[in-house]
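The next block holds one structure in the form of structure tokens; read it before the comments.
Every number here is computed from the coordinates shown, using simple stated rules; none is lab data. Worth saying up front: this structure is predicted, and the values here are computed from it rather than measured. Every residue, glycine among them, receives a Cβ derived from its backbone with ideal geometry; neighbour counts consider all protein chains shown.
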Amino acid sequence: MEAAQSTTTTTTHVVVQEPEQKLDRSISLTQQQVIQITLTGPSLVLTIISIIIGIQILQPSLTCTLIALAPIPWIIHNDYLNFLSLGPGGTPPTFLGYLKITYLRMFALSDPYSPAKPTDKIYPATGCYQRAHSWLPKRNGPRPKIAGIAPQRQINQSGCPEMYLTLRTSLENLAKRYPDNFTVGTSCFEKKGLALFAKDPINSTCRGEICHVHHSDRSMHMNLHPDDAKIVLEKGWGERHPLARGGWMKAYVPREFIMIYAPRNRSELEVVCRIIEAAGFWVVGERVDIKVEREPLLDGAAI
């Protein structure tokens, strides 16, 4: 798409369909301290005996070294359980998958709240919010606790289950209204979960993926123009993915990859929909207006 091409506007009304199934209101994503070691009675006795025998048989320096290294298996075990507790994601829930993530931690962003530095060669040249002269309110309260890389999940400040289902319906209805522009399917990044795709993307993502939602914690990942990502980060609505630093890390996620926190109520869902509009603008090059309305979707309804 040429840089001189004008930006068009696409409007869709989000339709909320009340789910028939019972909503899953519980989120069980637990993380424990990796250095936490609990010894039962027999384990404690065995540890004391091992130390005494080691002092008698081995050299004191070697015994001290073994004592210092002894907690490492427990630390790895606890860290591995934390990895598994985040649930399914883009990395297989195996020990090899855990080793891969442990390696990638060495290259993770140290500050996920600061925006990426702008580059000269970028299209669109400005973000969605600057063009629309719109704004985002500041998110109430502190940021939630985030853990993991792949998967990356929100640990506390649980999102509202009704708003999560409304959000899913919003993405599905958008694809139904504009089948030539959008489609929904399984996330290319996560390998599971609902995602919104652009059929003719202007910026490279994983098969044109705009965003995807997480069932386990009701948060989202999406791709945003650096200008829009800067606003989202400043207002406290999300944070950069730990691997979104560009360069060779693009093999895992784009430099523009952002986590958006789970909406806790309807007003926050409205804000999240604004952010999805900006994500669509970055990937498609068109402004997509998403409005959350409680009205039925009729086949063949006028757009």
Taking the Cα centre of the range 126-267 as origin and charging only Cβ (+1 Lys, Arg; -1 Asp, Glu), how large is the dipole, in debye to the nearest 20?
300
Cβ density ranking, 10 Å radius, fewest first, applied to 227, 200, 111 yields 111, 200, 227
Go from 0 up to the bin containing the longest alpha carbon distance in the range 95-190, width 10 Å each, and give me the % of pairs per bin.
10, 23, 39, 26, 2
Work through the residues other than residue 187 whose Cβ is under 13 Å from its Cβ and net out their charges, Lys, Arg +1 and Asp, Glu -1.
+2
Quick one: net charge around residue 199, please, counting Lys, Arg +1 and Asp, Glu -1 for every other residue with C-beta under 15 Å from its C-beta.
-1
Rounded to whole Å and ordered largest first, report the semi-axes of the equivalent ellipsoid of the range 41-105 derived from its Cα gyration tensor (root of 5λ).
34, 14, 7
Using 10 Å bins from zero, what percent of all Cα-Cα pairs in the range 187-264 falls into each bin?
19, 53, 27, 1
Just to be sure I understand the model, the point goes 7 Å from the Cα along the line to the Cβ. What's the resulting residue 65 to residue 53 distance in nm?
2.0
Taking the Cβ of residue 119 as the center, what net charge do the other residues with Cβ under 14 Å away carry, scoring Lys and Arg +1 and Asp and Glu -1?
+3
Too-long pairs where the Cα-Cα distance tops 32 Å, listed order kept, from 117/176; 145/192; 199/230; 117/138:
117/176
